[in-house]
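J.: Sharing a structure, written as structure tokens. Questions coming.
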Amino acid sequence: MKKGRKDVYLIQTLLFSLISASIIFGYFIFKSRGFFTVVDDFNSQQLPFATAVWNMIHSGDAGEWCWNIDLGSSFINTFSFYDLGSPFIWISLLAPRGVFPYLAGFLYIVKYVTAATTAYLYLRLFVDKRQWAVIGALLYAFSGYQTTNLEFFHFHDVVAIFPLLLWGLEMAMKDKKYRPVFVLTIFINCLLNYFFFVGEVIFLAIYYLVRYRKLPVRQFISGILTCILCGVLGVGMAAILFFPNILYVLGNSRGQNKLHLENLTYDSAGLLHIIKGILFPGESMREFSAVIRQTWGSTSAYLPFFGISLVIAYVRGKKKEWLSNLLWILGIISLFPLSESIFLLFSESNQRWWYMFVLVLALATTKVLENIEDYPVMKSSMLYVAMLSIFYFTIRFVKWNANGDSIVFDVKRFTLFYFIALAGPLLFYVLKKLNWNSYKNILVLTMCGCILTTALTLHFYRSAWSNSVEGYKENFEAGLQLKTIDAQYRYNSVNNELMINGDAAGIGVFCTTVENSSRKFDALFGHYSSNRTQNKYDVPGLSELLAGKYEITREPGDKKILDTVVGREKTFYVTEKNACPIGFAVDFALTEEEFTATPQEQKALTLMQAAIVDEDDFGDLNDAVIHAGEGSLDYEASVDELVAKAVANRVSEFHRDSHGFTCTASYDQNRLLYFTVPWSNGWIAKVDGFETKIINSGGMMALKIPAGEHQIVFTYHTPGFRVGSLVSATSVCIFMGFVFINKRKKRG
């Protein structure tokens with residue numbers, strides 16, 4: 001290809017991926033009249049979270065604390081994993097408020113086109129006939145990994161951008177002038193999603209060691225140093241989000257090491273599930289058709305139409321290259337949980353990293369298509385067919401325990417996916433036999449495979465939610481309209497669509513990235529979950545303790561109606577009940593050990609009267625509270641009576657915003673104030689302008705106040721955000737200098 005000539009195959013990649021994605025998502029967008037939904041996490045998290053980000057950014061007073069998430073949570077830590085670093089979400093910020101569900105389907109199309117385009121830029125580096133890179137790009141963009149993760153909207157951001165990281169490395173190793181480009185690709189990937197970026201760094205290290213191991217020692221080491229220096233600068237530029245989130249993850253229970261030696265290998269079901277994920281098209285994670293009924297591990301590496309048939313041909317080919325070694329290494333890693341966990345720093349094992357594996361599989365397939373006569377494609381296609389058939393019939397007809405139980409949960413669906421996987425290599429075999437395996441024919445069949453497998457699984461995902469779509473729309477639209485009635489209280493709801501879309505704030509949430517202290521608070525009540533804090537109704541008085549005053553109902557009965565909102569012509573009524581305010585004075589204190597020993601049904605009643613404090617703090621608090629002893633707390637009183645006492649002892653002039661909250665306190669003696677707001681190192685409390693120690697009270701906050709009238713100000717700054725911002729600004733300046741010097745050298 002002559003220098004300066006347009007890359008027509010890049011244009012083809014854009015066009016054919018756009019056509020394929022538009023057919024898939026356009027159908028479902030049209031079918032749902034523009035309001036695009038999928039299922040579970042997509043509906044309950046992705047749509048409301050994007051709306052919450054829009055609200056915060058457009059509030060005109062953007063701070064760092066979001067009251068809509070759980071009992072309150074860091075805006076940066078909560079949404080960095082989902083939205084904040086995503087250029088696709090930034091596009092949605094240009095649209096009017098509340099329209100994200102109408103944009104989501106179109107953004108999916110943009111993500112698929114982006115994934116194909118970035119994959120093409122990488123794949124074309126390894127082929128002379130670039131048309132085959134178009135095929136490889138489509139295989140990557142519409143892979144089983146993408147399909148099985150359709151309910152995880154933000155995963156597709158990562159898949160779309162990742163190929164740039166490998167492309168940047170290749171270009172930097174090829175010519176020094178591309179090092180700034182490599183830095184930019186590192187920055188973009190790091191800013192996009194800190195969680196996936198950690199795995200990408202591990203993958204990049206493996207990739208480099210395999211890809212460039214035959215370089216002269218000096219050049220090999222020089223390349224490593226280049227990667228490290230470019231990596232430090234790229235991560236430094238992204239530190240504004242990366243730093244605070246790393247600090248957050250270090251304190252998160254999900255970031256703790258959960259793997260032990262007994263996890264060295266998968267059990268039989270786990271291993272079969274891995275094999276199925278490599279051989280068969282991607283399925284809905286909430287209802288796999290065979291082996292394992294439901295799991296959220298992103299287990300699919302299927303390439304549309306071809307599967308791994310040409311990957312087998314590449315590995316069996318006579319010419320052994322670095323790519324063969326990389327394929328073997330990644331394949332072996334995928335078979336063991338301990339080795340897979342390296343991409344999550346040994347914290348847990350899943351297949352979240354398989355999109356990187358898929359890109360390597362697509363590269364092998366691309367190279368075989370370019371030089372098809374050099375590889376045993378016919379035998380390999382039949383070998384893949386045999387592997388599919390052996391797996392299918394074994395799983396389909398062999399009973400897996402003494403009771404004769406089957407591990408096929410949906411025979412029709414399992415069989416359908418078997419025939420889809422089977423059709424590709426068989427058709428390719430026929431095409432090759434008849435010498436009809438031209439680029440155009442392969443392109444058409446590949447596009448058909450991409451459209452079929454993606455659309456089919458999207459259909460299965462959506463069908464699992466079909467009975468609730470209209471109700472979901474009603475909740476979503478109603479949530480946009482809910483207002484803060486009294487800042488001292490919350491809505492008695494844990495529904496994401498109602499509580500996150502507007503100004504309302506509830507008492508729990510379905511979200512993975514809430515404050516770590518919220519999980520500590522939940523654990524005190526025996527509630528353990530890594531992705532939700534919604535268990536608020538199984539303990540007497542807990543919803544009242546957490547200020548859940550306002551209820552949302554369709555049938556208000558004889559209750560006083562405070563407000564009404566309408567969602568899709570359905571009226572929602574806001575009524576009220578008795579509840580403690582967010583901040584009030586307590587008479588007693590007890591240690592966490594003493595609280596843990598309290599019967600479950602008395603725990604919420606206990607915190608209406610006493611705050612949890614460390615043993616060491618009692619000395620400073622003995623003039624403000626009484627150490628709760630046996631019989632000192634009133635468990636004979638009703639919830640309403642205890643609420644009434646908390647209301648009588650509440651703080652006044654309570655105001656909350658995205659920077660924190662303020663209030664006034666006026667008591668005739670020293671008191672201990674208890675706030676049902678999650679504790680964090682990021683909080684600073686000032687009483688009359690003087691900083692005061694905040695007590696971590698079982699995950700919530702407590703504050704000692706002297707007698708008299710006082711002004712209290714709680715201000716929140718995300719730990720690590722200021723330092724990260726400074727590092728980012730400095731790194732950007734260094735990068736600009738780096739680019740300037742690089743250009744000067746180029747001119748010289």
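J.: Inside the range 531-540, can you point out the residues that are in contact (Cβ under 8 Å) with a residue 60 or more places away in the chain and either under 12 Å from ASN492 (Cα atoms) or open to solvent by 20 Å² or more (accessible area, probe 1.4 Å) (or both)? I'd like the intermediate steps shown before the answer.
T.: In the first step, residues of the range 531-540 are kept if they are in contact (Cβ under 8 Å) with a residue 60 or more places away in the chain; the result is 533, 539-540.
Listed by number, the list holds a single entry, PRO540.
J.: Could you go through the range 434-449 and let me know if any residue there is farther than 24 Å from ILE19 by Cα and either over 23 Å from the mean Cα position of the chain (by Cα) or not in a helix (DSSP H, G or I) (or both).
T.: Here is the first cut: in the range 434-449, the residues farther than 24 Å from ILE19 by Cα are 434-435.
Now restrict to residues that are either over 23 Å from the mean Cα position of the chain (by Cα) or not in a helix (DSSP H, G or I) (or both): 434-435.
Yes, the conditions are met somewhere in the range 434-449.
J.: For the range 354-378, enumerate the residues that are in contact (Cβ under 8 Å) with a residue 60 or more places away in the chain and either of a type in the set (A, V, I, L, M) or surrounded by fewer than 16 Cβ atoms within 10 Å (Cβ to Cβ) (or both).
T.: Across the range 354-378, the qualifying residues are MET356, VAL358, LEU359, LEU361, ALA362, LEU363, LEU369, ILE372, VAL377.
J.: Which of the residues spanning the range 693-748 are under 28 Å from ASN649 (Cα atoms) and open to solvent by 40 Å² or more (accessible area, probe 1.4 Å)?
T.: Going residue by residue through the range 693-748, those that are under 28 Å from ASN649 (Cα atoms) are 693-716.
Across the range 693-748, the qualifying residues are LYS693, ASN696, LYS704, PRO706, ALA707, GLU709, GLN711, VAL713, THR715.
J.: Scan the helices (runs of 4 or more DSSP H) fully inside the range 267-344 and keep the ones with 1 or more residues being more than 27 Å from the chain's Cα centre (by Cα), more than 27 Å from LEU204 (Cβ to Cβ) and among the small types (Gly, Ala, Ser). Full working, then the answer.
T.: On the way: elements: 268-279, 309-316, 322-333, 337-340.
Hits in the range 267-344: 268-279, 309-316.
J.: Checking the structure you have, find out if any residue of the range 136-159 is open to solvent by less than 10 Å² (accessible area, probe 1.4 Å), at pLDDT 95 or above, of a type in the set (Phe, Trp, Tyr) and over 16 Å from MET356 (Cα atoms).
T.: Yes, the range 136-159 contains a residue that is open to solvent by less than 10 Å² (accessible area, probe 1.4 Å), at pLDDT 95 or above, of a type in the set (Phe, Trp, Tyr) and over 16 Å from MET356 (Cα atoms).
J.: Right, next: Would you tally the residues in the range 677-703 being touching a Gly at 6+ places or on another chain (Cβ under 8 Å) and within 20 Å of VAL625 (Cβ to Cβ)?
T.: Of the residues in the range 677-703, the ones touching a Gly at 6+ places or on another chain (Cβ under 8 Å) are 677-679, 683.
Then keep just the ones that are within 20 Å of VAL625 (Cβ to Cβ); that gives 677, 679.
Looking only at that region, the number is 2.
J.: Looking at (1) modelled with pLDDT under 95; (2) open to solvent by less than 10 Å² (accessible area, probe 1.4 Å); (3) farther than 17 Å from ARG462 by Cα, which one does MET56 not meet, given that it meets all the others?
T.: (2)
J.: Among the residues of the range 51-66, is there at least one that is assigned to a loop (DSSP other than H, G, I, E, B), farther than 27 Å from GLY682 by Cβ and among the small types (Gly, Ala, Ser)?
T.: The first filter runs over the range 51-66 and keeps only residues assigned to a loop (DSSP other than H, G, I, E, B), leaving 58-64.
Now restrict to residues that are farther than 27 Å from GLY682 by Cβ: none.
Scanning the range 51-66, I find no residue that is assigned to a loop (DSSP other than H, G, I, E, B), farther than 27 Å from GLY682 by Cβ and among the small types (Gly, Ala, Ser), so the answer is no.
J.: Ok, one more. Condition first: among the hydroxyl-bearing types (Ser, Thr, Tyr) and in a helix (DSSP H, G or I). Now tell me which residues in the range 170-229 satisfy that. Break it down stepwise before answering.
T.: Kept after step one, since they are among the hydroxyl-bearing types (Ser, Thr, Tyr), are these residues of the range 170-229: 178, 185, 194, 207-208, 212, 222, 226.
Passing the criteria: TYR178, THR185, TYR194, TYR207, TYR208, SER222, THR226.
J.: Quick one: ALA464 ticks every box in (1) of a type in the set (Gly, Ala, Ser); (2) open to solvent by 30 Å² or more (accessible area, probe 1.4 Å); (3) modelled with pLDDT of 95 or more bar one, so which box is it?
T.: (3)
J.: Pairs, please: C-beta under 7 Å, at least 6 apart or cross-chain, first residue within 24 Å of VAL358 (Cβ to Cβ) and at pLDDT 95 or above and in the range 166-180, second outside any helix (DSSP H, G or I) and open to solvent by less than 40 Å² (accessible area, probe 1.4 Å)?
T.: Note: pairs meeting the criteria are MET173/TYR212.
J.: Of the numbered conditions (1) open to solvent by 40 Å² or more (accessible area, probe 1.4 Å); (2) touching a helix residue (DSSP H, G or I) at 6+ places or on another chain (Cβ under 6 Å); (3) of a type in the set (S, T, N, Q), THR265 fails exactly one; give the number of that condition.
T.: (2)
J.: Still on this structure, I have one more. Filter the range 363-387 down to residues that are in contact with a Ser or Thr (Cβ under 7 Å, 6 or more places away or on another chain) and small (Gly, Ala, Ser) and give me whichever is nearest to LYS320 (Cα to Cα).
T.: Pass one, the range 363-387, residues in contact with a Ser or Thr (Cβ under 7 Å, 6 or more places away or on another chain): 380-381, 384.
Next, only the ones that are small (Gly, Ala, Ser) stay: 380-381.
Values: SER380: 16, SER381: 19 Å.
The residue in question is SER380.
J.: Tell me, please, whether a residue that is free of Cβ contacts under 8 Å to residues at least 40 places away in the same chain, outside any strand (DSSP E or B) and open to solvent by 20 Å² or more (accessible area, probe 1.4 Å) can be found in the range 657-667. Break it down stepwise before answering.
T.: So the first thing to find is which residues in the range 657-667 are free of Cβ contacts under 8 Å to residues at least 40 places away in the same chain, and the list is none.
No, because not a single residue in the range 657-667 is free of Cβ contacts under 8 Å to residues at least 40 places away in the same chain, outside any strand (DSSP E or B) and open to solvent by 20 Å² or more (accessible area, probe 1.4 Å).
J.: Moving on to the next point. Can you go through LEU165, LEU204, LEU169 and tell me which one is touching an Asp or Glu at 6+ places or on another chain (Cβ under 7 Å), among the aliphatic types (A, V, I, L, M), surrounded by 14 or more Cβ atoms within 10 Å (Cβ to Cβ) and farther than 21 Å from PHE79 by Cα? Let's see the steps before the verdict.
T.: On the way: LEU204 fails: touching an Asp or Glu at 6+ places or on another chain (Cβ under 7 Å); LEU169 fails: touching an Asp or Glu at 6+ places or on another chain (Cβ under 7 Å).
Just one listed residue meets the conditions, LEU165.
J.: Read through the list (1) of a type in the set (A, V, I, L, M); (2) touching a strand residue (DSSP E or B) at 6+ places or on another chain (Cβ under 7 Å); (3) free of Cβ contacts under 8 Å to residues at least 12 places away in the same chain, then give the number of the only condition that ALA729 fails.
T.: Unmet for ALA729, out of (1) of a type in the set (A, V, I, L, M); (2) touching a strand residue (DSSP E or B) at 6+ places or on another chain (Cβ under 7 Å); (3) free of Cβ contacts under 8 Å to residues at least 12 places away in the same chain: (2).
J.: Return the total of residues in the range 597-637 being open to solvent by 50 Å² or more (accessible area, probe 1.4 Å), farther than 19 Å from LYS536 by Cβ and polar (S, T, N, Q).
T.: Final tally of qualifying residues: 1.
J.: Here's another thing I want to ask about it. Of the residues that make up the range 542-557, is at least one open to solvent by 20 Å² or more (accessible area, probe 1.4 Å), under 18 Å from ALA646 (Cβ atoms) and at pLDDT 95 or above?
T.: So far as the range 542-557 goes, yes, one or more of its residues are open to solvent by 20 Å² or more (accessible area, probe 1.4 Å), under 18 Å from ALA646 (Cβ atoms) and at pLDDT 95 or above.
J.: While we're here: List every residue pair whose Cβ atoms sit under 8 Å apart, with the two residues 6 or more apart in sequence or on different chains, where the first one lies in the range 194-207 and is within 17 Å of SER334 (Cβ to Cβ) and touching a residue at least 24 places away in the same chain (Cβ under 8 Å) and the second, anywhere, is of a type in the set (Val, Ile, Thr) and open to solvent by 50 Å² or more (accessible area, probe 1.4 Å).
T.: That search, which allows pairs on different chains as well, returns ILE206/ILE329.
J.: While we're looking at this one, here's another question. Looking at the range 575-586, which of its residues are in a strand (DSSP E or B) and either hydroxyl-bearing (Ser, Thr, Tyr) or buried (at least 21 other Cβ atoms within 10 Å of the Cβ) (or both)?
T.: Just the residues of the range 575-586 that are in a strand (DSSP E or B), to begin with: 575-576, 583-586.
Within the range 575-586, THR575, GLY583, PHE584, ALA585, VAL586 qualify.
Condition check ((1) out of contact with any strand residue (DSSP E or B) (no Cβ under 7 Å at 6 or more places or on another chain); (2) under 21 Å from VAL291 (Cβ atoms)) across all residues:
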| position | (1), (2) |
| --- | --- |
| LEU327 | yes, no |
| ILE342 | yes, no |
| TYR375 | yes, no |
| VAL385 | yes, yes |
| ILE390 | yes, yes |
| ARG396 | no, yes |
| ASN403 | yes, yes |
| ASP410 | yes, yes |
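J.: Let me ask you something else. May I ask you to list the residues in the range 372-392 that are more than 19 Å from LEU427 (Cβ to Cβ) and in contact with a helix residue (DSSP H, G or I) (Cβ under 9 Å, 6 or more places away or on another chain)?
T.: Scanning the range 372-392 gives ASP374, PHE391.
J.: Looking at (1) at pLDDT 95 or above; (2) assigned to a helix (DSSP H, G or I); (3) under 28 Å from TYR248 (Cβ atoms), which is the only condition LEU71 fails?
T.: So LEU71 meets the others, but not (2).
J.: Look through the range 563-574, keep the residues that are touching a residue at least 60 places away in the same chain (Cβ under 8 Å) and surrounded by 14 or more Cβ atoms within 10 Å (Cβ to Cβ), and return whichever of them is farthest from SER543 (Cα to Cα). Steps first, answer last, please.
T.: Let us first name the residues in the range 563-574 that are touching a residue at least 60 places away in the same chain (Cβ under 8 Å), namely 563, 565-568, 570, 572, 574.
Still in the running and surrounded by 14 or more Cβ atoms within 10 Å (Cβ to Cβ): 563, 565, 567-568, 570, 572, 574.
Working: ASP563: 21, VAL565: 23, GLY567: 25, ARG568: 29, LYS570: 26, PHE572: 20, VAL574: 16 Å.
Filtering the range 563-574 for residues that are touching a residue at least 60 places away in the same chain (Cβ under 8 Å) and surrounded by 14 or more Cβ atoms within 10 Å (Cβ to Cβ), the one farthest from SER543 (Cα to Cα) comes out as ARG568.
J.: Right, here's the next one. Given the condition part of a helix (DSSP H, G or I) and either out of contact with any Phe, Trp or Tyr (no Cβ under 6 Å at 6 or more places or on another chain) or over 26 Å from GLY682 (Cα atoms) (or both), answer yes or no: does some residue in the range 483-493 qualify?
T.: Residues of the range 483-493 that are part of a helix (DSSP H, G or I), as a first pass: none.
No - not one qualifying residue is present in the range 483-493.
The values are calculated or read from the model by the stated rules, or taken from the named source; none is laboratory data. Note that this is a predicted model, so its numbers are computed, not measured. Cβ: placed from backbone, ideal geometry, glycine included. Neighbour counts: every protein chain shown. For accessibility, only protein heavy atoms count, side chains too; no ligands or nucleic acids. Shrake-Rupley method; radii C 1.70, N 1.55, O 1.52, S 1.80 Å.
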